[in-house]
Amino acid sequence: MVFMVIEQFKQRDPKPIQARFLRHGRMLPEGVVYHASWVDTANARCFQVMEANDVDALQVWTRCWSDLVEFTIVPVLPSQEYWAKMSQDT
């Protein structure tokens, strides 16, 4: 499954996140794949596309960062796949 992970930096401060990342890397558990990320610098947020078998696997990863980041995890489909599925349902 593919997920859009929205990270809100606590206290709007990216520095502790950067420091931990430089020390330990992304700290992904087995079975979780990072695809890409974008940072909203005005609002101290990061948007990441991640892949995992289920949301439980992602929650193992979010626990490594939850003292610094608040997470919203949204399951998503590629547009083409979504629209193909929608046309099958009608």
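Here, each number is a calculation from the coordinates, and none is a lab measurement. All of these numbers come straight from a predicted model, not from anything done at the bench. Here Cβ is always computed from backbone atoms with ideal geometry, including for glycine, and neighbour counts include all displayed protein chains.
Excluding Met27 itself, calculate the net charge of residues whose Cβ lies under 11 Å from the Cβ of Met27, where each Lys or Arg counts +1 and each Asp or Glu counts -1.
Net charge in that neighbourhood comes out at +4.
Lys and Arg at +1, Asp and Glu at -1: add these up for the other residues within a Cβ distance under 11 Å of Ala44 and post the number.
With Lys, Arg at +1 and Asp, Glu at -1, the net is 0.
With everything on Cα atoms, drop me the angle between helix 79-89 and the longest principal axis of the chain, reported from 0 to 90° to the nearest 10.
Orientation of helix 79-89: about 40 degrees from the principal axis.
Do the sum for the chain: with -39,500 (n - 2.57) for every DSSP H run of n ≥ 4, divided by all residues, what is the mean residue ellipticity at 222 nm, to the nearest 500 deg cm²/dmol?
-10000 deg cm²/dmol
Consider the candidate values (1) 19, 17, 10; (2) 23, 17, 10; (3) 27, 15, 10; state which one is semi-axes √(5λ) of the Cα gyration tensor in Å computed from the structure displayed.
Recomputing semi-axes √(5λ) of the Cα gyration tensor in Å here gives the entry labelled (3).
Would you mind ranking Met27, Met50, Met86 so that the residue whose beta carbon has the fewest other beta carbons within 10 Å leads the list?
Listed from fewest to most nearby Cβ atoms, that is Met86, Met27, Met50.
If we count other beta carbons within 10 Å of each Cβ, what is the order of Arg26, Arg45, fewest first?
The fewest-first ordering by Cβ neighbours comes to Arg26, Arg45.
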